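What follows is a short report on a single structure.
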Amino acid sequence: MNRPDSIDQIDRQRPLERPALVVPVIHYNKVNIDGVNVFYREAGPADAPVLLLLHGFPTSSHMFRNLIPLLADRYRVIAPDYPGYGQSDSPDRSGFDYTFDNLADVIEKLTVALDLTKYSMYVMDYGAPIGYRLALKHPERVQALIVQNGNAYTEGLAAFWDPIKSLDKREALAHLVTLELTKFQYTDGVSDTSRISPDNWVVDQALLDRPGNREIQLDQG
């Protein structure tokens, strides 16, 4: 056989089997819940099992942007932003209660608006107290829980969280909304920080720095 002199000639002689690369379409939508526009990302077949992704502090559904495409071939993936986070509205704190109880109510109403009668939940950080409330209120709807860094017990609250228990916790927690702490949450314990995209803390901090958002976050803390 003659020696091939080009890649095209190699391919003709021995066709390479390449798996088809299918990139899921991600939809970006909002639903009005009691006057608050709640943003969510959605991907995957409409009739597939539902996986609800509940984000943590200080981020938003943006944290799941790389995970969603990996799951959307098997699941209907829905990742909302809580009020005050990401692309959802940030209603004035004088007329909106930024508590986990209220945020859980908003997310529950979102699941009803999207007709989610059965779903599994991936809960992370702030997503845990929100997701746990959904599970306690409607255990018949929750098929599975995937938990990352979501305490459900007092022993899980280490000394790091002692300032929350103090009488002047507002000032004690003020550093939590700074760029230094936002970056720390992505890089702490990482041996090679060059593998962490700075887009993570730049996007998060830009949203934390919106007018009025600092006080919203301290209300919730």
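Read the figures in this text as sums done on the coordinates, not as results from a lab. All values reported here derive from a predicted model rather than from experimental measurement. With ideal geometry, Cβ positions are generated from the backbone for all residues, glycine too; neighbour counts draw on all protein chains shown.
Evaluate the distance, in nm, between pseudo-label points positioned 7 Å from the Cα of PHE100 and of THR178 along their respective Cα→Cβ axes.
Using points 7 Å along Cα→Cβ, the separation is 2.6 nm.
For an R0 of 41 angstrom, estimate the FRET efficiency from the Cβ-Cβ distance between ARG74 and GLU215 and round to the nearest 0.05.
On the way: r = 41 Å, r/R0 = 0.99.
Approximately 0.50, to the nearest 0.05.
Could you list which residues have their amide H under 5 Å from that of ASP125, counting only those 5 or more apart in sequence or on another chain, with H placed in the peptide plane?
Distant-sequence amide H within range of ASP125: GLN148, GLY150.
Using 0.36 nm times the number of residues separating ASP47 and VAL25, minus their current alpha carbon distance, what extension gain do you get? Numbers along the way, then the final one.
Numbers: separation 22, 0.36 × 22 = 7.92 nm, distance 1.53 nm.
Extending this stretch completely gives an extra 6.4 nm.
Would you kindly state how much longer the chain becomes between ARG65 and LEU116 on full extension, computed as 0.36 nm times their sequence separation minus their alpha carbon distance, in nm to one decimal? Could you put the intermediate results ahead of the total?
Details: separation 51, 0.36 × 51 = 18.36 nm, distance 2.12 nm.
Taking 0.36 nm per residue and subtracting the Cα distance, the gain is 16.2 nm.
Just to verify a number: FRET efficiency for ILE146 and ARG195, C-beta to C-beta distance, R0 = 25 Å, to 0.05?
Details: r = 23 Å, r/R0 = 0.93.
For R0 = 25 Å, the calculated efficiency reads 0.60.
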